[in-house]
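**Q** Submitted below is the structure of interest, expressed as structure tokens.
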Amino acid sequence: MEYTRLLEPLTVKKTRFPNRIVFSPVQTNLAAADGGATDRLVRFYQRIASHGVGLTIVGATGISDRSRLGDHAFCLFDEGKTGTATGLFNAIRAAGSVPAVQLNHGGRVMKPALAGGVPVAPSALASPASKNLPRELSAGEIREIVGQFAHAAENAKHAGAQMVEFHGTHSFLLNQFMSPASNARKDEYGGSTENRARIVMEVLEQARERVGDDFVLGLRISADEYLENGMSVGECAEMVNMFAEKGLDIVHVSAGGIDTGGRMLEEASKGNIIRLAAEVKKRVKLPVIAVGGVLRLEQAEAAIEQGMADMVAMGRALIADPELVTKTLEGKAGDVAECTACLQCFVPGKDPGIRCPLNPDI
């Protein structure tokens, strides 16, 4: 099979992606305890990037010392440690892929110990998953977090990233603000669609001021949270169009999250999350990245050929076999170690770091 559409380059602003294949941002927990990039973290991303991936997004990156999801999460809030980030981004670029980084704040789903004792959120509503009751952020604290996102984006650019993606899905803080299921505020950050989207608009505005007009800014967003009173495709697209006016360049459409348990994986396995991306694409003018249960290149090719997305992200499939793309393009698809959905990559182990029984070399 020829992968004509998947292998076409794509240019956003002045950044040229050599093809439409994306390594989806994942939480690796392979960084140092202080948030710096380790040799193991660099090798993990470099190996995947070197096998035909056009865009490699370093996932779940902390924007402050009370935002990170794991005690060995990669972080970009300390300028003094951006040297290790430079090595990481340079390695990805040298491997032939565009280096990008996803910036995140966990909000109410964080472990209390990592959140400084009590997690914070737009409203004092407990996460259905963690059951921990968060503290409601003040307007001043929200503006401080906005500044932290923008500052981390600037650090990313200085360290050599060519794109930043803000994490607005999977039950984390930006998602919590956008969602009517977790945001019950009565001020300018709650209520209407525009108000719930305000924190992301402010992040985009401040980040754009710091990184300049040519740097690529992306957002991962939920088109359906699979929650009562949660985000819907229509509201997702409405927000994306607002964000485009504030400097958003590309949108990465996902669904579900921590608060919906296994529903996200069930929907992904049926191809339903990619269909959500297609629905968003119909309503917006920005390039769309689709994700969700993509294990083979023919699935990605079909999504682009059918106009469902402009790029397609693969996560677990490339963790299981970092050489998936090159093996497939060389006619050796039968040699690919295909993800079995055992989900060990999502389960914390005794020692820090992501695990996969099909890829013991992580």
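Yes/no per residue for (1) closer than 15 Å to His170 by Cα; (2) out of contact with any Asp or Glu (no Cβ under 7 Å at 6 or more places or on another chain); (3) part of a helix (DSSP H, G or I):
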{"site": "Met264", "(1), (2), (3)": "yes, yes, yes"}
{"site": "Ala268", "(1), (2), (3)": "yes, yes, yes"}
{"site": "Arg275", "(1), (2), (3)": "no, yes, yes"}
{"site": "Val280", "(1), (2), (3)": "no, yes, yes"}
{"site": "Lys285", "(1), (2), (3)": "no, yes, no"}
{"site": "Val294", "(1), (2), (3)": "no, yes, no"}
{"site": "Ala313", "(1), (2), (3)": "no, yes, no"}
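**Q** Cys345 fails exactly one of the following numbered conditions: (1) assigned to a helix (DSSP H, G or I); (2) farther than 30 Å from Asn241 by Cα; (3) modelled with pLDDT of 95 or more; (4) not aliphatic (A, V, I, L, M). What is the number of that condition?
**A** (3)
**Q** Quick one: in the stretch 237-253, of everything that is assigned to a helix (DSSP H, G or I) and either without any contact (Cβ under 8 Å) to a residue 12 or more places away in the chain or over 16 Å from the mean Cα position of the chain (by Cα) (or both), which residue is surrounded by the fewest Cβ atoms within 10 Å (Cβ to Cβ)? So that I can check it myself, show each step before the final result.
**A** Let us first name the residues in the stretch 237-253 that are assigned to a helix (DSSP H, G or I), namely 237-245.
Those still in the list that are either without any contact (Cβ under 8 Å) to a residue 12 or more places away in the chain or over 16 Å from the mean Cα position of the chain (by Cα) (or both) too: 237-239, 241-245.
On the way: Ala237: 20, Glu238: 16, Met239: 24, Asn241: 15, Met242: 17, Phe243: 24, Ala244: 17, Glu245: 10.
Selected residue: Glu245.
**Q** State all residues of the stretch 2-18 that are surrounded by 14 or more Cβ atoms within 10 Å (Cβ to Cβ) and either within 14 Å of Val288 (Cα to Cα) or at pLDDT below 95 (or both); if no residue qualifies, say none.
**A** Of the residues in the stretch 2-18, the ones surrounded by 14 or more Cβ atoms within 10 Å (Cβ to Cβ) are 3, 5-8, 10, 12-13, 15, 17-18.
Leu6, Leu10, Val12, Phe17, listed by residue number.
**Q** Among the numbered criteria (1) closer than 23 Å to Arg16 by Cβ; (2) out of contact with any His (no Cβ under 8 Å at 6 or more places or on another chain), which one does Val325 miss?
**A** It fails just one condition, (2).
**Q** Tell me, which residue of the stretch 302-340 that is over 19 Å from Ile48 (Cα atoms) and small (Gly, Ala, Ser) is surrounded by the most Cβ atoms within 10 Å (Cβ to Cβ)? First the steps, then the outcome.
**A** Kept after step one, since they are over 19 Å from Ile48 (Cα atoms), are these residues of the stretch 302-340: 302-310.
Right, trim to small (Gly, Ala, Ser) and you get 302-303, 307, 309.
Working: Ala302: 17, Ala303: 27, Gly307: 12, Ala309: 24.
Top of the filtered list is Ala303.
**Q** So, one more: Output the number of residues of the stretch 32-62 satisfying the condition of being closer than 17 Å to Ala161 by Cα and touching a strand residue (DSSP E or B) at 6+ places or on another chain (Cβ under 7 Å).
**A** 14
**Q** In the stretch 91-137, how many residues are more than 11 Å from Ser182 (Cβ to Cβ) and part of a helix (DSSP H, G or I)?
**A** Counting residues in the stretch 91-137 that are more than 11 Å from Ser182 (Cβ to Cβ) and part of a helix (DSSP H, G or I) gives 4.
**Q** Within the stretch 281-301, identify whether any single residue is more than 19 Å from the chain's Cα centre (by Cα), at pLDDT 95 or above and crowded, with 22+ Cβ neighbours inside 10 Å, and answer yes or no.
**A** There is at least one residue in the stretch 281-301 that is more than 19 Å from the chain's Cα centre (by Cα), at pLDDT 95 or above and crowded, with 22+ Cβ neighbours inside 10 Å.
**Q** Please specify each residue of the stretch 9-52 satisfying the condition of being charged (D, E, K, R) and either without any contact (Cβ under 8 Å) to a residue 60 or more places away in the chain or not in a loop (DSSP other than H, G, I, E, B) (or both).
**A** First, the residues of the stretch 9-52 that are charged (D, E, K, R): 13-14, 16, 20, 34, 39-40, 43, 47.
Within the stretch 9-52, Arg16, Asp34, Asp39, Arg40, Arg43, Arg47 meet the criteria.
**Q** Determine if the stretch 76-86 includes at least one residue that is on the phi > 0 side of the Ramachandran plot, of a type in the set (D, E, K, R) and assigned to a loop (DSSP other than H, G, I, E, B). Steps first, answer last, please.
**A** Going through the stretch 76-86, the residues on the phi > 0 side of the Ramachandran plot turn out to be none.
Within the stretch 76-86 (the criterion being on the phi > 0 side of the Ramachandran plot, of a type in the set (D, E, K, R) and assigned to a loop (DSSP other than H, G, I, E, B)), the answer is no, since none of the residues qualifies.
**Q** Right, another one. Please go through the stretch 55-74 and pick out each residue that is surrounded by fewer than 24 Cβ atoms within 10 Å (Cβ to Cβ) and more than 14 Å from Gly353 (Cα to Cα).
**A** Matches in the stretch 55-74: Ser64, Asp65, Arg66.
**Q** Among the listed residues Val118, Val109, which satisfies the condition of being aliphatic (A, V, I, L, M) and in contact (Cβ under 8 Å) with a residue 24 or more places away in the chain? Quick ask: steps written out before the conclusion?
**A** On the way: Val118 fails: in contact (Cβ under 8 Å) with a residue 24 or more places away in the chain.
The match here is Val109.
**Q** Please go through the stretch 212-236 and pick out each residue that is in contact (Cβ under 8 Å) with a residue 24 or more places away in the chain, among the hydroxyl-bearing types (Ser, Thr, Tyr) and farther than 25 Å from Ala150 by Cβ.
**A** The answer is Tyr226, and nothing else.
The values are calculated or read from the model by the stated rules, or taken from the named source; none is laboratory data. All of these numbers come straight from a predicted model, not from anything done at the bench. Quick reminder, even Gly has a Cβ in these numbers, built from the backbone with ideal geometry, and neighbours come from all protein chains shown.
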